[in-house]
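**Student:** To start, I am sharing the structure in question, which I have written as structure tokens.
The values are calculated or read from the model by the stated rules, or taken from the named source; none is laboratory data. All values derive from a computational prediction rather than experimental measurement. Positions of Cβ are backbone-derived with ideal geometry, glycine not excepted, and every protein chain shown enters the neighbour counts.
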């Protein structure tokens, strides 16, 4: 029946009208996974018991007049988000033996809303990477081109949604890890405002930037998932702000969209630029005002990011010590060696690189020059956005400078990979919400590769952001 | 900014990661390149700018000093099970002092 190809909205309607059962929906997804995932490798683990859960939901559903938001919807979860009783590796060897001892708040929430979790998806190790090639368990392939990366670090999530191996996914974004793979795989990805969604149960990478968010086939689907996971949480002191129901401009009021001139300089693929500009034209013809703005500190976002994030990483990954959980080296004689060898054997190269960088930058004598300076520049970057949002309602541009690149093409030099996030990191530094949505395709090497349009909104105004995005989805109409 | 082999070894010790000779040379090169890249921040005049201290400007987010989790049954066992070496209800560690 290919029910796995439905959107969440369609599946909800179909289940309500009893056109099919949850069991049939889940079965179709699991069949698709069996058929395609040995090639794609989007999943690290598939939960066969999802079939039994589906059966239970079907029995419950008989009496439910108004089923909850995600009732019976098969979803995938990125492997850095804890599902109690299940392995959570964060894409790393050091957590290969680890079984989660509790549910993340977002998991509690989606379970309460009746979602069926199909399994855990592949990712760059500890969310460090933009291609999923840093996974200790092998890369994921892009469904649009099997020799291409799906993006990262939520590459498995994006590929699973794009290939209809689930109806929606939960991922995480610290510097673009939801939006960039969404762009590469032609799906919708939302990074909420910092504080909109609880991080309790998310294996921490950079605690002042991390956010959990949805990947889905449509903007409407992304909204359904976001509504299910958002909200204050006593387990996460930074998730307190209740999401404001933000007023959007009606069609008679002119929507003002700012296009940062800094986003259209060197490094942007001309084919990607064409598609983005064509999308702007359609949006302008529909009545929006598109104007050029400036984010003067835009070019300092990447260097600031690559000081702040490794610093936070070096602190957050200190807990992986071969003692509390996870992998322990078999060959240590002293306590120091337990640490030194477990971490040496358990961590991959990019993780070691960032821990080392962070340790250096935070060490005595260097803190002021690097870390403190970066946090000041971060304040300036945030201020750029505050100033811009006084003039415009939305900021827009390409999500990534290129379409999906080939596997192995960016792995020789770490800096080359970092540049893939040039349009996404500033958003995390400022804490604002942003969404990537498909804007078209470029043809490269005989393959049609998706191009993502990034829409950036004001703090805690995801409702407005999603509403505009849904409207643009109709206008751009791929 | 160039980082020396001695500095790489010092950082590795601070970070508690044993590196091979090959890794030390590799990091000497890679870390130097990344540090040169991030030094672009020297161009920014940030005099008088208050540094950000986190991801949010909220402060003093308080809650009741009471147990939050209503479902703690068996959780202790889960946590213990995760540790590589345990003994009864204890996680085993090598001697801290020689």
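**Student:** Of these, B:77, B:83, B:46, which one is facing another protein chain (nearest Cβ under 9 Å) and in contact with a helix residue (DSSP H, G or I) (Cβ under 6 Å, 6 or more places away or on another chain)?
**Tutor:** Criteria check complete, one pass: B:46.
**Student:** Take residue A:72 and decide whether it is under 14 Å from residue A:111 (Cα atoms) and more than 21 Å from the chain's Cα centre (by Cα).
**Tutor:** Answer is yes for this residue.
**Student:** Here is a follow-up. Determine whether residue A:222 is within 14 Å of the chain's Cα centre (by Cα), touching a residue at least 24 places away in the same chain (Cβ under 8 Å) and surrounded by 23 or more Cβ atoms within 10 Å (Cβ to Cβ).
**Tutor:** yes
**Student:** Can you pull out every residue in region A:363-372 that is surrounded by fewer than 23 Cβ atoms within 10 Å (Cβ to Cβ), touching a helix residue (DSSP H, G or I) at 6+ places or on another chain (Cβ under 8 Å) and at the interface with chain B (Cβ under 9 Å from one of its Cβ atoms)?
**Tutor:** A:363, A:371
**Student:** Restricting to region A:408-430, and then to whatever is within 12 Å of residue A:267 (Cβ to Cβ) and surrounded by fewer than 20 Cβ atoms within 10 Å (Cβ to Cβ), can you tell me which residue is farthest from the chain's Cα centre (by Cα)?
**Tutor:** Here the residue is A:416.
**Student:** Let me ask something else about it. Could you tell me whether any residue of region A:339-351 is over 26 Å from residue B:3 (Cα atoms), surrounded by fewer than 23 Cβ atoms within 10 Å (Cβ to Cβ) and modelled with pLDDT of 95 or more?
**Tutor:** So far as region A:339-351 goes, no, none of its residues is over 26 Å from residue B:3 (Cα atoms), surrounded by fewer than 23 Cβ atoms within 10 Å (Cβ to Cβ) and modelled with pLDDT of 95 or more.
**Student:** Any residue in region A:286-310 that is facing chain B (nearest Cβ under 10 Å) sitting within a Cβ distance under 8 Å of a residue that is surrounded by 23 or more Cβ atoms within 10 Å (Cβ to Cβ) and assigned to a loop (DSSP other than H, G, I, E, B)? List the pairs, counting only those 6 or more apart or interchain.
**Tutor:** A:305/A:175; A:308/A:206; A:308/A:209
**Student:** Let me ask you something else. Of the conditions (1) outside any loop (DSSP other than H, G, I, E, B); (2) within 7 Å of chain A (Cβ to nearest Cβ); (3) out of contact with any helix residue (DSSP H, G or I) (no Cβ under 8 Å at 6 or more places or on another chain), residue B:54 satisfies every one except a single condition; which number is it?
**Tutor:** So the condition that residue B:54 fails would be (1).
**Student:** If you take just the helices (runs of 4 or more DSSP H) that sit entirely in region A:8-87, which of them hold at least 3 residues that are in contact with a strand residue (DSSP E or B) (Cβ under 7 Å, 6 or more places away or on another chain)?
**Tutor:** It comes to A:22-40, A:50-61.
**Student:** Residues of region A:311-329 being on the phi < 0 side of the Ramachandran plot, touching a helix residue (DSSP H, G or I) at 6+ places or on another chain (Cβ under 6 Å) and within 7 Å of chain B (Cβ to nearest Cβ), which ones?
**Tutor:** Passing the criteria: A:314, A:325, A:328.
**Student:** Has region A:381-390 got any residue that is buried (at least 16 other Cβ atoms within 10 Å of the Cβ) and without any contact (Cβ under 8 Å) to a residue 12 or more places away in the chain?
**Tutor:** No - not one qualifying residue is present in region A:381-390.
**Student:** Find the residue count for region B:14-34, including only residues that are within 20 Å of residue A:364 (Cβ to Cβ) and more than 8 Å from chain A (Cβ to nearest Cβ).
**Tutor:** Qualifying residue count for the region: 1.
**Student:** Can you tell me which residues in region B:70-88 are within 27 Å of the chain's Cα centre (by Cα) and either touching a residue at least 60 places away in the same chain (Cβ under 8 Å) or assigned to a loop (DSSP other than H, G, I, E, B) (or both)?
**Tutor:** Passing the criteria: B:83, B:84, B:85.
**Student:** Before we move on, is residue B:98 more than 9 Å from chain A (Cβ to nearest Cβ) and at pLDDT below 85?
**Tutor:** No: the conditions fail for residue B:98.
**Student:** I would also like to ask the following. Any idea how many residues of region A:161-196 are in contact with a strand residue (DSSP E or B) (Cβ under 7 Å, 6 or more places away or on another chain), closer than 20 Å to residue A:70 by Cβ and part of a helix (DSSP H, G or I)?
**Tutor:** Result for region A:161-196: 2.
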